[in-house]
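**Student:** Right, I'll just put the structure down here and ask away after.
The values are calculated or read from the model by the stated rules, or taken from the named source; none is laboratory data. These numbers come from a predicted model, not from an experiment. Here the Cβ positions follow ideal geometry from the backbone for every residue, glycine too, while neighbour counts run over all protein chains shown. Remember, those area values only see protein heavy atoms, side chains included, never the ligands or the DNA or RNA. Shrake-Rupley method; radii C 1.70, N 1.55, O 1.52, S 1.80 Å.
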Amino acid sequence: MAEVKKQNWFKRTFGGIARYFRELRSELKKVVWPTPHQVLKNTLIVLACVAVVGVFIWVFDYVAGTGVSALIDVVKK
């Protein structure tokens, strides 16, 4: 039986890295990149959602803090 010689470690490693970057390049060509207008619109939507959630958390924190303070005052008396 003839033995199949294993490739050199450097050839396997750097060949794999080179193949990775070739495949990466071909996949990036398939990407549909957003226009600057779409990026701006999506950014504004994200910022608005963050602001709404932030206000909701702030209001909840204020109400919960007030409720806990009132409960502590009732228990102390």
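**Student:** List pairs: first residue in the range 40-55 and without any contact (Cβ under 8 Å) to a residue 60 or more places away in the chain, second residue basic (Lys, Arg) and in a helix (DSSP H, G or I) anywhere in the structure, Cβ distance under 9 angstrom, at least six positions apart or on different chains.
**Tutor:** none
**Student:** May I ask you to verify whether GLY65 is open to solvent by less than 100 Å² (accessible area, probe 1.4 Å) and more than 22 Å from the chain's Cα centre (by Cα)? It would help to see each step written out before you state the result.
**Tutor:** Numbers: open to solvent by less than 100 Å² (accessible area, probe 1.4 Å): yes; more than 22 Å from the chain's Cα centre (by Cα): yes.
The answer is yes for GLY65.
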